[in-house]
Amino acid sequence: MSKKQQVATELLQYCLSKNDFIFHNDLVKKVSLKYGFGNPFDATKLDDTSKFPSLMKDLDYFLIHIGNGYHQFVKGINNGFHKFEPIPPENKFRWHYRKSILNEFDTSESNILSVVNNQRIIHHFLYGDEDKSVNVYFPRRTKMSFEYNINTTHIVATNLQMEIDMTMEADGVVTTLEGKNKFPDDFAVYQLYHPFLYYHTLQQANKLNIKITNGCYLLRHHIDGITVLRIFLYTFSNPLDMSSIKLLKNAEYMLV
């Protein structure tokens, strides 16, 4: 078990003993120090279930951030983590790769998003038109307070900080994008849901004239020296329930 998994295990054990599943960063720092885990701010970031310690899996709990340095264990992993759907053969494309000296310069999330934008792949996927005129907004951090549900669990988030990797807008449709390396089996739904709820809240308050909001997850991996991209577009059938995630479409692009 890794140091990070040891930290998560003790945090859950502590919450179980108190019958209180909300805890603060102060506790995270204390437990991280105990196990020699050097970055306590990363201790509660479990992006896919392969990183879960066995206790979380066995007892069916996952973690979310609720703002102001607080976190919460929530029952029902399937409500908070979503498995990537298989991509049908007709949605797999060989894409002419216009190489650049910076395309594969690093493996950061911003690099992944830059590649799909510069190669016009995201334009093809989202709009079916490589030449579509789209407004692109680069990474930003923002804070918002809101309440929502995860199935039957009510969540209160206060001054929740979120980082939106990239946002695209065309014809009143706002799409937030999240990028990751490799091909995990699943992902933390809040990574797409919190940005979705941010824009949905602004829309409902008539602060932005948004027609539709959705979220896009991009994965990059190298297979036999070839860059392969998998893209998944999601929405939420109930905007106030994170567990209502719904796939709109997906595709795979092999850059050759």
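The values are calculated or read from the model by the stated rules, or taken from the named source; none is laboratory data. What you see is a predicted model, and the numbers here were worked out from it, not measured in a lab. Quick reminder, even Gly has a Cβ in these numbers, built from the backbone with ideal geometry, and neighbours come from all protein chains shown.
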Can you tell me which of PHE62, PHE23, PHE52 is modelled with pLDDT of 95 or more, of a type outside the set (Lys, Arg), closer than 21 Å to LYS75 by Cβ and touching a Cys at 6+ places or on another chain (Cβ under 8 Å)? PHE23
For the stretch 141-162, indicate whether the set of residues that are at pLDDT below 95, surrounded by 17 or more Cβ atoms within 10 Å (Cβ to Cβ), touching an Asp or Glu at 6+ places or on another chain (Cβ under 7 Å) and among the basic types (Lys, Arg) is non-empty. no
Kindly evaluate GLU90 against the criterion of being among the acidic types (Asp, Glu), modelled with pLDDT of 95 or more and either under 20 Å from THR9 (Cβ atoms) or in a loop (DSSP other than H, G, I, E, B) (or both). no
If I ask for residues that are polar (S, T, N, Q) and free of Cβ contacts under 8 Å to residues at least 24 places away in the same chain, which ones from the stretch 203-234 would you list? GLN203, GLN204, ASN206
Kindly establish whether PHE146 is touching a residue at least 12 places away in the same chain (Cβ under 8 Å), more than 15 Å from ILE231 (Cβ to Cβ) and under 17 Å from the mean Cα position of the chain (by Cα). no
For the stretch 193-217, the count of residues that are touching a Phe, Trp or Tyr at 6+ places or on another chain (Cβ under 8 Å), over 22 Å from LYS180 (Cα atoms) and not in a helix (DSSP H, G or I) equals 2
Taking the criterion of being of a type in the set (Val, Ile, Thr), touching an Asp or Glu at 6+ places or on another chain (Cβ under 9 Å) and in a helix (DSSP H, G or I), would at least one residue in the stretch 42-50 satisfy it? yes
Mind checking which residues of the stretch 51-80 are within 26 Å of TYR148 (Cβ to Cβ) and hydroxyl-bearing (Ser, Thr, Tyr)? TYR61, TYR70
For the stretch 105-121, the count of residues that are part of a loop (DSSP other than H, G, I, E, B) and surrounded by 15 or more Cβ atoms within 10 Å (Cβ to Cβ) equals 2
Hey, can you tell me all the residues within the stretch 209-227 that are surrounded by fewer than 18 Cβ atoms within 10 Å (Cβ to Cβ), under 23 Å from the mean Cα position of the chain (by Cα) and modelled with pLDDT of 95 or more? ILE210, LYS211, ILE212
The one condition HIS124 fails out of (1) farther than 16 Å from TYR198 by Cβ; (2) touching a Lys or Arg at 6+ places or on another chain (Cβ under 8 Å); (3) outside any loop (DSSP other than H, G, I, E, B) is (2)
